[in-house]
Amino acid sequence: MKYLFLFLCCMAALSACDDDTKVCDQDTRTSANIRFRYPVPGNPTQNKDTVLPKVTVFALNKDSLIRKRTGLSGMQLPLDLHNDTSRFYFQTDSTAKADTLTFAYKRQPHFVSAGCGVVMYFNIDSAWSTKNVVKSVQLNAKNITTINEIHIILHF
């Protein structure tokens, strides 16, 4: 009887160790979600979402993110995990001037789970452009977490 009880206790302990904590079933992306808007003709106080004919985006001193993609109404840009600023080259078509978009933020590591590990959250302090193409940059939601929402609006 003692051995049966000991065997059952060992089996219960082993089965308790075999759980799904090492599986990550959550979205861990923390990109800046950006939308494009332009003023409504005849009513400059109202803005309307727009689709850009051609977009090229490079992370400065890094890699290309979007190259001559057509028909974009927005984009997701990954922020630098190791610096407090990210800079992007932004061009709307091959003949137009380009802008440099800059985002300044604070980084905050956030533990999600044993399977997902740590995800970097961002709190955007400010965002601006060189105003060659983009007239203004509006912060819609300053906190970038794993929640899918619009963070930045570019006005043309």
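The values are calculated or read from the model by the stated rules, or taken from the named source; none is laboratory data. Predicted model, so just to flag it, every value in this text is computed and none were measured. All Cβ positions, even for glycine, are placed from backbone atoms using ideal geometry, and neighbour counts span all protein chains on display. Accessible surface areas use protein heavy atoms only, side chains included; no ligands, DNA or RNA. Shrake-Rupley method; radii C 1.70, N 1.55, O 1.52, S 1.80 Å.
Structure notes:
- Shape of segment 94-147, Cα gyration tensor, a/c cut at 1.5: prolate
- When Met75, Met120 are compared by accessible area of protein heavy atoms, the largest-first order is Met120, Met75, using a 1.4 Å probe.
- Pairs beyond 22 Å (Cα-Cα), from Lys22/Lys62; Lys97/Lys135; Lys54/Lys131; Lys54/Lys106; Lys106/Lys142; Lys68/Lys142: Lys22/Lys62; Lys54/Lys106; Lys68/Lys142
- Residue-wise HN-Hα couplings along segment 25-35, as the Karplus relation 6.51 cos²θ - 1.76 cosθ + 1.60 with θ = phi - 60° gives them from phi, are 10, 10, 6, 10, 7, 10, 9, 7, 8, 10, 10 Hz; Gly and Pro carry x.
- Charge context of Val57, other residues only, Cβ under 13 angstrom, K/R +1, D/E -1: +3
- Alpha carbon centroid spacing (whole Å) that separates segment 18-61 from segment 76-101: 13 Å
- Taking all protein chains as they are arranged and a probe of 1.4 Å, the heavy atoms of Tyr121 leave approximately 40 Å² accessible to solvent.
- Normalised alpha carbon radius of gyration of segment 43-138 [divisor 2.2 N^0.38 Å]: 1.25
- 3J(HN,Hα) from dihedral phi, segment 124-139, Karplus parametrisation 6.51/-1.76/1.60, rounded to Hz, x for glycine, proline: 6, 7, 7, 8, 8, 10, 7, 6, 7, 10, 7, 6, 7, 10, 10, 7
- Antiparallel DSSP beta bridges within segment 36-156, as percent of all bridges there, nearest 5: 95 percent
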